[in-house]
Amino acid sequence: MKSIHALTVAEHRDFEGARLGMWLFLITELILFTGMFLLYAMYRLKYAAAFHKASLELDVVIGTMNTLVLLTSSLTVALSIEALKRNSRKLSLWLLGATIFLALVFLVNKYFEWGAKIHHGIYPGSQELMQRNLGEVIYFNLYYAMTGLHGLHVLVGMGVLTWIFVLIARKSRKKYVVHNPHVEQLVGSEIAIVKGDKEGWRVDKIDDNVEQVEITITYEPKSGEVDLPNIIKLENAGLYWHLVDIIWIFLFPLFYLIS
Amino acid sequence: MASHAITEVQHLEENYLQVKSRWRGIFAWIFSTDHKRIGILYLVSSLTFFVVAATIGIFMRLEQLTMGETLMSADVYNRLFTLHGVIMIFLLIIPGIPATFGNFFLPIQIGAKDVAFPRLNLLSWWLYIIGAVLAVTTLFLPGSLPDTGWTFYVPYSVRTGSNVALAVFAAFILGFSSILTGLNFLTTIHRLRAPGMSWHRMPLFVWALYATAWIQILATPMVGITLLLIIFERVLNIGIFDPTQGGDPILFQHLFWIYSHPAVYIMVLPGFGVVSEIIPTFARRTIFGYKLIAYSSLSIALFGSLVWGHHMFVSGESDIANIIFSFLTFFIAVPTAIKVFNWTATLYKGSIALEPPMLYVLSSIFLFAIGGFTGLMQATLPIDVHVHDTYFVVGHFHYTMFGGTIWVMLAGLLYWFPKMTGRMYNKKMAYLAWPFMFIGFNVLYGAMMYMGWKGMPRRYYDHLPEFHTDHVIATVGSWLLYIGILLLLGNLVVALYKGTRAPDNPWGGATLEWQTTSPPPLENFTEEPVVKHEPYHFRKEDNG
């Protein structure tokens with residue numbers, strides 16, 4: 001008697017769900033920074049004059065440069081998403097690469113900016129800083145805490161964008177693995193791959209000696225196909241990157257431009 | 001993100017415990033992305049922590065049995081109550097119901113195959129375990145366990161020589177785990193409901209988890225940043241709350257309670273959800289006031305975010321702030337009372353079966369009511385000034401957190417155990433454990449409230465002679481309670497090996513989890529359920 005066991009490979013992909021999840025995550029990030037902005041607001045109310053004085057010491061040129069760098073990177077990542085949607089993988093990769101490069105530029109700028117401050121003896125707990133009045137001390141403590149935390153987010157964002165870059169560059173291979181699909185039931189039968197009406201390949205009969213069966217199916221999209229799974233990943237990474245950008249948009253005036 | 005799922009069209013009658021994966025033994029559990037296995041992982045780990053922290057509690061009570069230093073020094077006592085609090089709050093009560101029963105039953109109750117992000121779900125559990133391991137690691141490092149209490153108040157938490165930074169980092173990671181669970185549940189509820197499962201056909205447990213998940217997402221990042229700032233201050237010397245650097249320690253308390261008060265609703269809302277499941281099942285009657293119960297969860301989530309200042313009545317808040325927070329705190333009793341009244345109305349003219357889960361739920365409502373009313377007393381400004389930092393507060397929050405959340409968690413365990421394991425426990429033993437727990441509980445925490453009212457301060461390892469009798473009574477109560485807990489949990493462990501096979505629907509429940517097999521198959525249902533009526537529908541034709 002011949003019976004057919006069908007193993008179908010079904011895929012559950014919920015892009016709406018992935019996007020919803022990302023937005024919820026962005027909310028949590030915003031609230032994380034809200035805590036810091038609340039502290040900033042309270043201390044600035046308390047030490048308005050000292051904040052004014054301390055902010056004069058920050059380098060507005062480097063700050064402005066970094067603002068432009070981040071804004072541009074937000075543009076490039078948005079263009080990269082559009083490019084991938086229009087199926088021009090190469091252009092998308094170039095734009096994504098530019099975004100990662102700009103993120104690096106931002107961090108290098110930040111390094112020099114912090115380095116100069118530390119060189120002048122202005123860092124948390126330093127003798128130089130502790131001699132000043134309390135408002136300036138808390139200003140610089142907040143400056144290091146907030147831009148530091150933001151810098152950490154830039155670093156994480158860079159990592160995520162790089163990971164997606166690799167995914168897009170490698171094309172999206174999908175791999176499905178079936179382990180031990182009830183070997184005892186398969187005894188005496190043959191395994192074949194069928195797509196439509198055509199039979200792909202067939203293996204020898206499974207007898208009692210077979211203990212393990214593993215079937216791996218790798219699926220590679222054709223060159224003309226839109227790379228949907230990677231688009232959603234890139235879109236979500238882009239959303240995260242815009243968040244990093246927006247937080248900087250608030251940090252910049254609050255620290256550099258209040259004098 | 002999206003998941004690959006491989007379905008076998010030809011269905012094999014096999015439950016999730018029998019499914020073979022490429023991993024063997026314990027790895028088939030700790031690498032599994034099946035929401036049911038992850039739920040069991042959380043259950044086993046959080047109950048283990050429960051017994052550990054309860055044992056620490058027993059030791060603290062033993063120290064108080066006699067006057068003077070007998071069992072431990074003041075220093076050890078401080079570290080032990082910190083560990084007791086941290087474990088109970090972060091490792092048991094917060095993940096207790098949502099991550100265990102929520103993981104296991106949320107997808108089943110809405111007719112889904114799994115949560116929206118199964119791999120993220122596994123990551124949550126791993127973060128939970130990493131956080132737990134880090135918290136315990138402090139014990140073996142120079143500086144040992146933190147001695148600050150679970151609230152980590154500055155400036156003491158910055159100045160103390162104990163190992164605060166690592167413990168705080170552990171709490172940060174646990175918070176992250178909690179956020180990811182909330183995010184996963186919200187997406188699951190929005191995206192994966194079965195056909196016909198409209199919002200108003202969702203079981204009330206799902207509604208409670210929905211409200212909880214929102215609090216998890218909106219409040220937890222606030223404590224995340226607050227804890228990070230303690231680490232910054234201790235490790236990098238970036239003083240944000242340090243007065244010598246211009247900081248203000250009171251701001252720490254604000255930020256901490258902006259999370260930690262909503263967190264008590266993260267702790268108790270899922271418990272309310274479990275009560276709303278158990279009561280209709282054992283009253284054989286649809287729930288009274290379905291929509292009001294559902295929406296009251298949301299309004300508790302909303303108003304719960306606006307009352308944090310009542311933890312700070314004696315911290316130097318302005319009178320106006322105190323009065324506003326006091327008023328809002330009274331207000332939050334309204335949605336809570338809505339739930340209790342509706343549960344009571346559900347019982348009216350129901351055909352009540354006092355099975356073990358029902359017994360535990362009913363006594364939990366009684367205990368939680370005591371916790372709630374004493375909460376209102378403390379919301380009253382003059383009374384709060386009197387009882388602040390006394391055993392009265394300790395008694396109060398054990399009545400709410402233990403009497404409310406943990407009792408309900410145990411009731412939920414008795415209710416869902418046959419579904420999760422396919423085994424029925426010994427009901428007589430479950431009944432037997434009850435008087436130990438109930439009497440022990442009231443003797444222990446009742447005595448605490450009483451001596452707190454008389455002025456016994458909290459967090460002292462010793463007491464004055466006038467409190468001695470009360471402390472002896474409380475310690476005896478703690479033994480009864482501990483015996484009750486061990487009887488209850490021991491009975492379940494025995495049932496795992498010797499329990500009789502449980503039928504698919506032992507209690508005659510109406511929600512979807514009772515319509516599938518015990519234990520459920522890998523993807524929960526043999527065919528995707530289609531929902532045609534409200535969740536608590538006890539018509540004869542459906543129950544067979």
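None of the figures in this text is laboratory data; all of them are computed from the coordinates on show. These numbers come from a predicted model, not from an experiment. Cβ: placed from backbone, ideal geometry, glycine included. Neighbour counts: every protein chain shown.
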Relative compactness, the range B:263-408, computed as alpha-carbon Rg over 2.2 N^0.38 Å: 1.11
Mind putting a number on the dipole of the protein assembly as shown about its Cα centre? Charges go on the C-beta only, +1 for Lys and Arg and -1 for Asp and Glu, and I need it in Debye to the nearest 20. 1080 debye
Run the quick spin-label model on B:ALA337 and A:LEU68: label points 7 Å from Cα toward the beta carbon, then report their separation in nm to one decimal. 6.4 nm
So what is the relative contact order for the range B:27-542, in percent, with contacts set as C-alpha pairs under 8 Å and at least six apart? 18 percent
Taking only C-alpha positions in the range B:27-542, Rg and Dmax in angstrom work out to 22.4, 73
Round to a whole angstrom and tell me the spacing of the C-alpha centers of the range B:324-360 and the range B:79-149. 28 Å
One quarter of the C-alpha convex hull surface, i.e. the mean projected area of the range B:343-477 in nm², amounts to 10.2 nm²
Point-to-point label distance, B:THR344-A:ALA48, nm (Cα→Cβ direction, 7 Å offset): 5.4 nm
Over the range B:158-278, with a single point scatterer placed on each C-alpha, what log10 of the ratio I(q)/I(0) does the Debye formula yield at q = 0.20 1/Å? -1.06
Toward the positive end of the charge dipole of chain B, about the Cα centre and with charges on Cβ (Lys, Arg +1; Asp, Glu -1), which of B:ASN163, B:LEU43, B:LEU218 goes farthest? B:LEU43
With angles folded into 0 to 90 degrees, how steeply does helix B:290-303 sit against the dominant principal axis of chain B? Use alpha carbons for both and round to 10. 30 degrees
The range B:195-229 to the range B:487-532: how many Å between their Cα centroids? 25 Å
Taking only Cα atoms of the protein assembly as shown, the Rg to Rh ratio with Kirkwood Rh works out at 0.99
Helix axis angle, B:35-65 relative to chain B longest principal axis, alpha carbon, degrees: 30 degrees
Listed with the fewest Cβ neighbours within 10 Å leading, A:ASP227, B:ASP462 appear as B:ASP462, A:ASP227
Share of alpha-carbon pairs per 5 Å distance bin for the range B:353-423, given as whole %: 4, 18, 20, 17, 13, 10, 8, 5, 3, 1, 0
Rounded to whole angstroms and listed largest first, the alpha-carbon spread of the range B:426-538 along its three principal axes comes to 67, 34, 25
Residues other than B:PHE327 with Cβ under 15 Å of its Cβ, Lys/Arg counted +1 and Asp/Glu -1, net out at -3
For the pair B:THR469/B:LEU298, report the inter-label distance in nm, with labels modelled 7 Å from Cα in the Cβ direction. 5.3 nm
If you build the Cα gyration tensor of the range B:114-200 and take the root of 5 times each eigenvalue, what three semi-axes come out, in whole angstrom, biggest first? 37, 14, 7
Charge dipole (the protein assembly as shown, unit charges on Cβ, about Cα centre) - positive-most of B:VAL314, A:ALA237, B:LEU228: A:ALA237
Give the distance, in whole Å, between the Cα centre of the range B:366-438 and the Cα centre of the range A:20-84. 45 Å
Put +1 on the Cβ of each Lys and Arg and -1 on the Cβ of each Asp and Glu in the range B:27-542; which of B:ILE129, B:GLY477, B:MET202 then has its Cα farthest toward the positive end of the dipole? B:MET202
Output the Cα-based Rg and Dmax of the range A:27-78 in Å, rounding Rg to one decimal and Dmax to a whole number. 14.9, 40
Helix B:118-137 sits at what angle to the longest principal axis of chain B, using alpha carbons and giving 0 to 90 degrees rounded to 10? 30 degrees
Neighbour counts of other C-beta atoms within 10 Å: give me A:LEU96, B:LEU251 arranged from fewest to most. B:LEU251, A:LEU96
Thinking of the range B:57-113 as a set of Cα atoms, what percent of all their pairs are more than 19 Å apart? 51 percent
What's the exposure ranking of A:LYS205, B:LYS339, B:LYS113, going from fewest to most Cβ atoms within 10 Å? A:LYS205, B:LYS113, B:LYS339
Which entries in A:LYS175/A:LYS205; A:LYS175/B:LYS113; A:LYS233/B:LYS36; A:LYS53/A:LYS117 show an alpha-carbon gap greater than 19 Å? A:LYS175/A:LYS205; A:LYS175/B:LYS113; A:LYS233/B:LYS36
Note down the magnitude of the dipole of chain B about its Cα centre, charges +1 on Lys and Arg C-beta and -1 on Asp and Glu C-beta and zero elsewhere, to the nearest 20 debye. 1340 debye
